[in-house]
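> Below is a structure I'd like to ask you about.
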Amino acid sequence: MEYYSLNNYLQDIFGKKVYKIAINAGFTCPNRDGRAGYGGCIFCSGDGSGDFAGDREQGIAAQIEEGCKRIEAKMGNGEPAYIAYFQAFTNTYASVEVLREKYMEAVRHPHVVGISIATRPDCLGDDIVKLIGEINLIKPVWIELGLQTIHDRTVKLINRGYETEVYEAAVKKLVPLGVHIVTHVILGLPGETYEDMLETVKYVGDISHSYAHSVSCKRAGVTQEDMLLTNVVEKINTEKDSTRNQFGIKLQLLHVISGTRLADMYDMGEFATLEMDEYVRLVADCLELLPKDMVIHRITGDGDKRTLIAPLWSGDKKKVLNALNKEIRNR
């Protein structure tokens, strides 16, 4: 089995290796300040899932410069290219004026070829969507949406703070902009079965296929009546290139991080984390459900070893990736 990896996507778009620099732009989250809830999602660290992001006391440009120096020291010479990744907390949770200033500070950096904005689907008002569209005309924009699961009981348990329909509405707003839409899914959430996790991944794949197809039909001028005719198929297929690879997904292993409510649940024995062989098989099964042109941004994830409680096997990333790639090749 083959899948379309992030590295392949970056090579196709930019023609070279591109690195992400994680940024803390100083935002908070509506699930922390009371607008949507308090305390944040139960798995979220005190850094708002931005444990590897820069220092929020520094400006955006300064964080980018530090990231550039760190990466270039490891990777050596070459023409640098970076995605400025607004990672920590909710990165559309501010006024349009504040967002424009922060985004443009990143966009203006000569080595930044695009920006990636991690956010919540319930923080994409029409004015913010318009701004994102404007920025995307300057340099490519990725919008990363934290869905995690589609199952209502888990949504309540993890304190996500919005209904799944809000995610679909956000996708509907973003697709016409031509931005790259990345959905985050967590595998191994408490109480979820193997089938539950596959259902979430299938939902994400189906949504991407549905909206890409819908936009292709609209741009091709195909009506509902036309859909019954075989002679419009070629026209639709021609238009598909405009939405090809517009969707991506991050498959993230659940990490139990110290200082979170999830850690308290784990200590109380309320759930168990996935074993490596379970996770490897699950990821391969997930990939088989997704559209072939969906960009697979992640098939595992890094946890800060200083705060990681479980699963400890995930700390050996090389071993995990080797096991994943072997399973995927053998499918």
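> Report Rg (one decimal) and Dmax (nearest whole number) for the range 4-329, counting Cα atoms only, units Å.
19.7, 61
> I would also like to ask the following. Any chance you could run the full-extension gain for M265 through R306? It's 0.36 nm times the residue separation minus the Cα-Cα distance, nm to one decimal. Intermediate values should be presented prior to the final figure.
On the way: separation 41, 0.36 × 41 = 14.76 nm, distance 1.93 nm.
So the chain would gain 12.8 nm between M265 and R306.
> With n ≥ 4 as the cut-off for DSSP H runs, can you work out [θ] at 222 nm for the chain, using -39500 (n - 2.57) per run divided by the number of residues, rounded to the nearest 500? Kindly include the intermediate steps, with their values, before the conclusion.
Working: 11 runs with 133 residues, N = 331.
Mean residue ellipticity, 222 nm, calculated: -12500 deg cm²/dmol.
> Using the membrane-span-like helix rule (whole DSSP H runs, Cα extent along the own axis of at least 27 Å, mean Kyte-Doolittle hydropathy at least -1.0), which helices of the chain qualify? Intermediate values should be presented prior to the final figure.
Working: long enough: 194-219 (38 Å, -0.53).
Passing helices, by number: 194-219.
> Give me the dipole magnitude in Debye, nearest 20, for the chain about the Cα centre, with unit charges on the beta carbon: positive for Lys and Arg, negative for Asp and Glu. Could you put the intermediate results ahead of the total?
Numbers: 39 positive and 46 negative charges, 165 e Å.
That gives a dipole near 800 debye.
> Something else now. Would you compute, for the Cα atoms of the range 259-331, the largest minus smallest coordinate along each principal axis and list the three values in descending order, in whole Å?
Taking max minus min along each principal axis of the Cα atoms, the range 259-331 gives 39, 23, 20 Å.
> Under a Cβ-Cβ cut-off of 13 Å, what is the net charge of the residues other than G191 that fall near it, where Lys and Arg count +1 and Asp and Glu count -1?
For residues surrounding G191, the net value is -3.
> What list of ³J(HN,Hα) couplings, whole Hz, do you get for the range 142-149 from phi and the Karplus terms 6.51, -1.76, 1.60, once you set θ to phi - 60° and write x for glycine and proline?
10, 10, 9, 9, x, 8, 6, 7
> For D152 and Y38 in the same chain, what is the full-extension length gain: residue separation times 0.36 nm, less their Cα-Cα distance, in nm? Don't skip to the end; give the middle numbers.
Details: separation 114, 0.36 × 114 = 41.04 nm, distance 1.85 nm.
Between D152 and Y38, full extension yields an extra 39.2 nm.
> Count neighbours as other Cβ atoms within 10 Å of each site's Cβ, and list the GluC sites (Glu not before Pro) in the range 116-178 that are DSSP loop with at most 16 such neighbours. Don't skip to the answer; put the middle values down first.
Details: sites: E134, E144, E163, E165, E168; in loops: E163.
Here the GluC sites (Glu not before Pro) that fit, given the DSSP loop and packing criteria, are E163.
> Around A169, with a cut-off of 14 angstrom between Cβ atoms, what is the net charge of the other residues, counting Lys and Arg +1 and Asp and Glu -1?
Overall, the nearby charge balance is -2.
> Based only on the alpha carbon positions, what is the Kirkwood hydrodynamic radius of the range 50-206, in angstrom? Let's see the in-between values first.
Details: mean 1/r = 0.0589 Å⁻¹.
Computed over Cα pairs of the range 50-206, the Kirkwood hydrodynamic radius comes out at 17.0 Å.
> What number comes out for the charge environment of K250, summing +1 per Lys or Arg and -1 per Asp or Glu over other residues with Cβ under 11 Å away? All intermediate terms of the calculation are to be shown ahead of the outcome.
Values: positive: R298; negative: E144.
With Lys, Arg at +1 and Asp, Glu at -1, the neighbours total 0.
> Using Cα pairs closer than 8 Å and at least 6 residues apart in sequence, work out the relative contact order for the chain, in percent. Before the final figure, lay out each step's value.
Values: 530 pairs, mean separation 60.6, N = 331.
Once divided by the residue count of the chain, the mean separation gives 18 percent.
> Turning to a different aspect of this structure: Please list, ordered by chain and number, the residues whose modelled amide H lies under 5 Å from the amide H of G248; skip anything fewer than 5 residues away on the same chain.
Here the answer is I181, V182, T183, V295, since their amide H atoms fall under 5 Å of that of G248.
> Simple spin-label model, 7 Å along Cα-to-Cβ: E275 to E163 in nm?
Rounded to a tenth, the inter-label distance reads 4.0 nm.
> Give me Rg over Rh for the range 27-137, both radii from the alpha carbons and Rh done the Kirkwood way, two decimal places.
Working: Rg = 15.0 Å, Rh = 15.1 Å.
Radius of gyration relative to Kirkwood radius: 0.99.
None of the figures in this text is laboratory data; all of them are computed from the coordinates on show. For clarity, every value in this text was computed on a predicted model and none was experimentally measured. FYI the Cβ positions are ideal-geometry reconstructions off the backbone, even for glycines, and counts take in every protein chain you see.
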